[in-house]
Amino acid sequence: MITVKTIEEARNQMKSWKKEGYSIALVPTMGSLHEGHASLINRASKENEKVVVSIFVNPIQFGPNEDLSSYPRDLDKDSILCEKAGAHLIFAPETSEMYYTDMVTGVSVQGLTTGLCGAKRPGHFNGVCTVVSKLFNIIPADKAYFGEKDAQQLAIIKRMVRDLNFDIEIIGCPIVREDDGLAKSSRNAYLSSKERQAALVLNRSLTKGKELLSSGEKSTELLKKIIRNVLQNEVLAKIDYIEVVDAMSLNDVELVNKPILIAIAVFIGKTRLIDNFIWEA
Ligand code: AMP
């Protein structure tokens, strides 16, 4: 496995792999890698001959009061995980390599970005779509792997790829959880042991929601209420949003009669965590 820091080095390697006829996968990440990321890399390495992992804490997807400066970074540790999981190349550029200081171009997706995390994190998805477009232009992969953990991001990227005719297939991969049900996240590292325990309420509330849906309930209002009740019972939890939307369009739904995305964002102390599940009606 090799690590490159410049676009030129990455492009040269891609040209040589393309010449050899290798199929190429891209797994975009912000580093601080865990088993969730490893599952994407693993799958990518089973389905492709060469796997590129990008590691870049993308400044333009962070809001002014978010955790850009404290976001955990550890390239040496990440390299070990990438190699074990089957990656062939890490692309780890500096911000100055990715962005011209006088850059005036970006990619924005309408509609799908207005609700859920988009409503709470203005500009976030413009930052995501711009960096992902740049990565697709730098790494001409056949397939790119994204986690269902960031369900809105996955839906937006799929739509962007369709709308802008990127020649790449987007593969969604299931959420990887800790044994106790907490969705793995680089941000879990911020949690104190008390908060770590409190964070279990996210998955617990979604499990309650699933039980309600299994019983045949069709009202999304009731579904949100049940989830809210569970979350409100945890004193360290502050609800950012609870949304039930069409899994494809991300529009609000009142009755469960098509695949829906049940998504929550919750502050545990200062740490904002997200979780979700898709219910195939
Ligand atoms: P991040 O480094 O947080 O930007 O995440 C990089 C990719 O890994 C995104 O496509 C995420 O959805 C995915 N990912 C993060 N956590 C998980 C998880 N627990 N299970 C599956 N995929 C994940």
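The values are calculated or read from the model by the stated rules, or taken from the named source; none is laboratory data. None of these values were measured; they are calculated from a predicted model. Every residue, glycine among them, receives a Cβ derived from its backbone with ideal geometry; neighbour counts consider all protein chains shown. Surface accessibility is based on the protein's heavy atoms, side chains included, excluding ligands, DNA and RNA. Shrake-Rupley method; radii C 1.70, N 1.55, O 1.52, S 1.80 Å.
Helix 200-214 axis versus longest C-alpha principal axis of the chain: approximately 70°, rounded to the nearest ten. Each peptide in 207-220, 250-263 was scored by the mean count of other Cβ atoms within 10 Å over its residues; highest first, the order is 250-263, 207-220.
For the pairs Lys158/Lys238; Lys18/Lys77; Lys19/Lys143, note any where the Cα-Cα span goes beyond 19 Å. Mind dumping the intermediate values first?
Values: Lys158/Lys238 31 Å; Lys18/Lys77 29 Å; Lys19/Lys143 17 Å.
Over 19 Å apart, Cα to Cα: Lys158/Lys238; Lys18/Lys77.
Between the helical axis of 35-47 and the longest alpha-carbon principal axis of the chain there is an angle of about 50 degrees. Taken over the chain, the ratio of Cα radius of gyration to 2.2 N^0.38 Å equals 1.02.
Whole angstrom only: what separates the Cα centroid of the range 202-236 from the Cα centroid of the range 166-195? Comparing the Cα centres of the range 202-236 and the range 166-195, I get a distance of 20 Å.
Percent of Cα pairs in the range 186-279 per distance bin of 10 Å, from zero to the largest separation: 17, 49, 26, 7, 0.
Where a Cα-Cα gap under 19 Å defines reach, which aspartates and glutamates qualify for Lys270, not counting those fewer than 8 residues away within the same chain? Cα-Cα hits under 19 Å: Glu66, Asp67, Glu195, Glu234, Asp240.
Give the accessible surface of the range 186-279 per residue, rounded to a whole number of Å², with probe radius 1.4 Å and ligands, DNA and RNA excluded. Present the calculation step by step, with values, prior to reporting the outcome.
Working: 4740 Å² over 94 residues.
Heavy-atom SASA per residue in the range 186-279 reads 50 Å².
With coordinates expressed along the principal axes, the C-alpha atoms belonging to the range 129-187 extend over 40, 19, 19 Å, beginning with the largest. Between Arg177 and Gln110, the FRET efficiency estimated from the beta carbon spacing at R0 = 41 angstrom works out to 0.80.
Helix 151-163 and the longest principal axis of the C-alpha atoms of the chain enclose an angle of approximately 50°. With the highest mean first, a sort of the peptides 158-164, 194-200 on other beta-carbon atoms found within 10 angstrom per residue produces 194-200, 158-164.
To the nearest 500 deg cm²/dmol, what mean residue ellipticity at 222 nm is calculated for the chain from DSSP H runs of n ≥ 4 alone, each contributing -39,500 (n - 2.57), summed and divided by the residues? Numbers along the way, then the final one.
On the way: 10 runs with 109 residues, N = 281.
After summing the helix terms and dividing by the residues of the chain, the value is -11500 deg cm²/dmol.
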